[in-house]
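What follows is calculated from the coordinates using simple rules that are stated; it is not laboratory data. Quick caveat: nothing in here was measured; it's all calculated off a predicted structure. Reconstructed Cβ throughout: ideal geometry from the backbone, glycine too, with neighbour counts over all protein chains shown.
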Amino acid sequence: MDDLQADYTASELRYNAFMEPIYRSALSALRLSAGSNGLDAGCGPGGLFPLLDDATGMRGTLTGIDGSEAHLAAAARLAERHALEERIRLQQVDLRQRLPFPDDSFDWAWCADVLWPSLFPDPLVVLRELGRVVKNGGTIAVFFANMQRGLMMPGEPNLDTRLNAAVVRMWNPESPSTDPSDHPESASGWLRAAGLVEVSMSVYSTVYQQPLPSSARDYLEDFWIPERQRLNEQLLIDAGIDQHDWLRWQALADPESPDYLLDQPDYYCIPFATLAIGKVAQTPTLVGS
């Protein structure tokens with residue numbers, strides 16, 4: 001694994017640790033059956049494997065698929081560290097293609113922070129495939145973190161909003177669609193359009209406050225702040241950030257500054273996420289079949 005990929009894998013695992021309380025709440029709402037057989041579609045380096053294992057009573061089976069060979073290698077190491085290798089199998093799969101599994105292979109499918117429009121312009125292609133490989137009556141869950149809707153800079157709502165807008169544009173350099181149905185917040189609509197039933201949407205958050213746990217501080221210092229420090233001048237201008245705003249952000253982002261955000265005694269943050277859930281429609285049984 002090269003240094004760039006290793007850094008990306010490490011940042012993914014830091015993000016997973018930061019989001020763990022939210023993941024646990026969302027997975028609890030799914031009420032996965034103990035011993036069930038699930039699919040983690042876009043598993044990355046496997047950061048959710050222990051949580052998915054807990055959610056199935058530590059006796060289910062899980063297939064993790066991802067397009068990155070390096071991520072799957074990291075996922076295999078994580079599964080081994082947690083003594084999960086006997087219950088987890090890994091496979092390199094391009095989610096944009098037909099999944100290499102027979103119909104009705106899984107009891108449920110979980111897809112977290114994967115179907116971003118910049119990567120999957122038509123998420124229905126993936127969701128219909130998940131609906132094919134999940135059994136009738138099975139659950140498909142689509143989870144998205146949404147830091148733009150969370151509260152990460154208390155007392156600085158305007159600056160927080162403008163920086164978020166610049167970050168969104170940085171990750172989507174092409175003009176994003178203005179159609180609300182294309183946004184991950186509309187994932188429940190995607191599920192309905194893919195033919196799922198009993199669709200519901202729920203939101204989850206958690207509060208981190210001083211003293212910040214290491215999982216929160218590590219993510220904020222190693223990813224969240226540096227991400228905003230990488231914004232270029234044009235992105236700042238487009239987001240309406242002026243010189244005064246930028247100087248204020250520099251004071252908040254500098255560990256040597258008396259205003260350093262993460263050292264403020266009353267600092268807290270509230271990350272936010274959505275969960276869209278749908279069921280695979282039951283196929284009617286023909287009389288006399």
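Which of the three applies to the range 134-184, rounded, prolate or oblate, going by the alpha-carbon gyration tensor with a ≥ b ≥ c and a/c under 1.5 meaning rounded? Present the calculation step by step, with values, prior to reporting the outcome.
Working: a/c = 3.50, a/b = 1.74, b/c = 2.01.
Oblate shape, in that a/c is at least 1.5 and b/c is the bigger or equal ratio.
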### Summary
If one compares the long axis through the Cα atoms of helix 3-30 with the longest principal axis of the Cα atoms of the chain, the angle in degrees, nearest 10, works out at 70 degrees
### Summary
Whole-Hz Karplus couplings 3J(HN,Hα) for the range 250-263, θ = phi - 60° and coefficients 6.51, -1.76, 1.60, Gly and Pro as x, run 4, 5, 6, 8, 8, x, 8, 7, x, 9, 3, 3, 7, 9
### Query
Binned at 10 Å from 0, what are the whole-percent values of the Cα-Cα distance distribution for the range 3-279, short to long?
6, 27, 34, 22, 9, 1
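Quick one: 244, 82, fewest Cβ neighbours within 10 Å first, how do they rank?
Working: 244 9, 82 14.
Listing 244, 82 from fewest to most nearby Cβ atoms yields 244, 82.
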#### Entry: Mean separation of Cα contacts under 8 Å (6+ apart) over length of the range 3-279, as relative contact order %
22 percent
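How much length is gained if the chain between residue 254 and residue 58 is pulled fully straight, taking 0.36 nm per residue apart and subtracting their Cα-Cα distance, in nm to one decimal?
Extra length from residue 254 to residue 58 when fully extended: 66.3 nm.
Mind jotting down a quarter of the surface of the convex hull over the alpha carbons of the range 50-115, in square nanometres, one decimal?
For the range 50-115, averaging the hull's shadow over all directions gives 4.8 nm².
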### Task
Measure off 7 Å from each Cα along the Cα-to-Cβ vector at residue 281 and residue 237, then give the distance between these two points in nanometres to one decimal.
5.1 nm
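Take the Cα radius of gyration of the range 163-289 and divide it by 2.2 N^0.38 Å, with N its residue count; two decimals is plenty.
Working: Rg = 21.1 Å, N = 127, 2.2 N^0.38 = 13.9 Å.
Against the compact-globule rule of thumb, the ratio is 1.52.
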### Message
Just to confirm the filter: which trypsin sites (Lys or Arg not before Pro) across the range 196-279 are DSSP coil and have at most 16 other Cβ within 10 angstrom of their Cβ?
### Response
230
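How high is the relative contact order of the range 130-289? Use alpha-carbon pairs under 8 Å, at least six apart in sequence, and give a whole percent. Walk me through the numbers before you get to the answer.
Details: 194 pairs, mean separation 80.7, N = 160.
So the answer I get is 50 percent.
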### Query
Which ordering of 124, 39, 220, 247 is given by a fewest-first count of other beta-carbon atoms within 10 Å?
247, 124, 220, 39
### Task
Please report how far the C-alpha centroid of the range 137-190 lies from that of the range 9-69, rounded to the nearest whole angstrom.
22 Å
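At 0.36 nm per residue, and after removing the present C-alpha to C-alpha distance, how many nm does the segment from residue 120 to residue 161 gain when stretched out fully?
Values: separation 41, 0.36 × 41 = 14.76 nm, distance 2.54 nm.
Once the chain is fully extended between residue 120 and residue 161, it gains 12.2 nm.
Please give the contour-minus-distance gain from residue 103 to residue 80: 0.36 nm per residue of separation, less the Cα-Cα distance, rounded to one decimal in nm. Could you put the intermediate results ahead of the total?
On the way: separation 23, 0.36 × 23 = 8.28 nm, distance 2.90 nm.
Taking 0.36 nm per residue and subtracting the Cα distance, the gain is 5.4 nm.
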